[in-house]
Amino acid sequence: MQLLFLGTLALLAGLSVAVPAQEKRIHHKLDLSDHAHDDAHGFQFDHEAFLGKEESKTFDQLSPEESKDRLGKIVDKIDTDKDGFVSHGELHHWIKHRQRRYIEENVDKHWNEYDQNKDGKIGWIEYKNTTYGYYMDTEFDDVDDKATYKSMLNRDDRRFKSADRDGDGVATREEFTAFLHPEEFDFMRDIVIQETIEDIDKNGDGKIDLHEYIGDMYNPEAGETEPDWVTTEKKQFSEFRDMNKDGFLDANEVSHWILPTEVDHADNEARHLIHETDKDNDGRLSISEIMDKLDFLKVSTITDYGTLIEVHDEL
């Protein structure tokens with residue numbers, strides 16, 4: 001089971017979307033909301049950005065008193081320095097947390113099985129023994145492709161060391177999250193790029209040529225007509241991906257391809273919420289200012305409230 005999970009992990013890290021196939025390695029940040037950001041026609045965008053899309057799907061109608069009570073508790077969680085105000089930084093962190101909820105849930109799912117001694121951290125030895133222990137006792141003799149599993153072990157070792165920022169051989173929750181989801185962390189960019197090149201670079205020259213680039217997405221059957229999107233991708237490779245026009249993608253070009261620079265929508269939304277709610281223009285939100293904007297934040301529709309609080313407690 002552990003090896004099956006590990007084998008799918010690299011795929012999951014690379015699959016931002018399933019369709020179209022040529023987009024599978026590009027890592028886009030999740031949208032804050034499925035709705036247009038247009039306050040003139042309602043505040044559903046802000047509602048989903050503040051609560052998270054999953055929590056906002058089902059409405060739990062509360063009385064004004066219940067709404068204010070629950071909002072106060074949420075604000076207390078957002079106000080991490082406990083100064084009685086919500087700053088831009090705190091709100092930005094909260095919105096990014098809601099955006100990353102699926103990642104936190106994945107870490108939750110696997111945390112206990114790897115934290116064998118229950119000390120609240122995961123050591124490399126714990127992870128290695130849990131994932132590979134049985135197979136390592138026999139030098140992977142019980143698996144069909146020993147070289148593949150040894151390569152996976154070495155790759156995990158390298159990724160774990162990159163995520164382990166203080167180099168103590170033990171991963172905190174944040175470090176383990178970076179290990180499982182390196183595409184979400186700026187300090188893991190080099191690992192994501194290196195692993196991508198290794199996956200696609202079949203001749204081992206450290207670069208990606210056009211044949212390798214297309215072969216990662218499309219392997220035609222005998223007599224099959226090449227789809228139009230393959231022709232489009234060949235043009236993308238030549239005209240846009242291969243920026244220095246040498247016929248290959250190097251590490252810098254792979255970075256621009258799979259980890260494009262994007263607008264920080266969570267930061268923009270935090271600024272928008274403060275602009276709309278901050279009556280005294282001091283750049284932060286008091287509890288009274290937030291209470292006055294119940295309709296704007298749509299807090300009366302919160303569902304799964306216990307989970308909302310519990311998850312934030314773990315951060």
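Is one or more of the residues making up segment 295-314 buried (at least 16 other Cβ atoms within 10 Å of the Cβ), modelled with pLDDT of 80 or more, of a type outside the set (Val, Ile, Thr) and in a helix (DSSP H, G or I)?
no
Checking the structure you have, find out if any residue of segment 158-168 is more than 26 Å from residue 118 (Cβ to Cβ) and either of a type in the set (Phe, Trp, Tyr) or part of a helix (DSSP H, G or I) (or both). Steps first, answer last, please.
Residues of segment 158-168 more than 26 Å from residue 118 (Cβ to Cβ): 158.
Cutting the leftovers down to either of a type in the set (Phe, Trp, Tyr) or part of a helix (DSSP H, G or I) (or both) gives us 158.
Yes, segment 158-168 contains a residue that is more than 26 Å from residue 118 (Cβ to Cβ) and either of a type in the set (Phe, Trp, Tyr) or part of a helix (DSSP H, G or I) (or both).
Which of the residues spanning segment 262-282 are open to solvent by 60 Å² or more (accessible area, probe 1.4 Å) and touching a strand residue (DSSP E or B) at 6+ places or on another chain (Cβ under 9 Å)?
Within segment 262-282, 279, 280, 282 meet the criteria.
Each row is one residue, and each column tells you yes or no for (1) open to solvent by 40 Å² or more (accessible area, probe 1.4 Å); (2) touching a helix residue (DSSP H, G or I) at 6+ places or on another chain (Cβ under 7 Å); (3) at pLDDT 80 or above.
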| position | (1), (2), (3) |
| --- | --- |
| 137 | yes, no, no |
| 141 | yes, no, no |
| 163 | no, yes, yes |
| 167 | yes, no, yes |
| 174 | yes, no, yes |
| 177 | no, yes, yes |
| 180 | no, yes, yes |
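Determine whether segment 254-261 contains at least one residue that is touching a strand residue (DSSP E or B) at 6+ places or on another chain (Cβ under 6 Å), within 30 Å of residue 92 (Cα to Cα), among the hydroxyl-bearing types (Ser, Thr, Tyr) and surrounded by 15 or more Cβ atoms within 10 Å (Cβ to Cβ). Give the derivation first.
If we filter segment 254-261 for residues that are touching a strand residue (DSSP E or B) at 6+ places or on another chain (Cβ under 6 Å), which is where we start, we get none.
Looking through segment 254-261, none of the residues is touching a strand residue (DSSP E or B) at 6+ places or on another chain (Cβ under 6 Å), within 30 Å of residue 92 (Cα to Cα), among the hydroxyl-bearing types (Ser, Thr, Tyr) and surrounded by 15 or more Cβ atoms within 10 Å (Cβ to Cβ).
Considering only segment 215-236, I want to know if a residue exists there that is surrounded by 18 or more Cβ atoms within 10 Å (Cβ to Cβ) and free of Cβ contacts under 8 Å to residues at least 60 places away in the same chain. I'd like the intermediate steps shown before the answer.
Filtering segment 215-236 down to residues surrounded by 18 or more Cβ atoms within 10 Å (Cβ to Cβ) leaves 216, 233.
Add one more test, that the residue is free of Cβ contacts under 8 Å to residues at least 60 places away in the same chain, and what stays is none.
No, segment 215-236 has no match at all.
The values are calculated or read from the model by the stated rules, or taken from the named source; none is laboratory data. All values reported here derive from a predicted model rather than from experimental measurement. With ideal geometry, Cβ positions are generated from the backbone for all residues, glycine too; neighbour counts draw on all protein chains shown. Quick note on the areas: whole protein, heavy atoms, side chains included, nothing else; ligands and nucleic acids left out. Shrake-Rupley method; radii C 1.70, N 1.55, O 1.52, S 1.80 Å.
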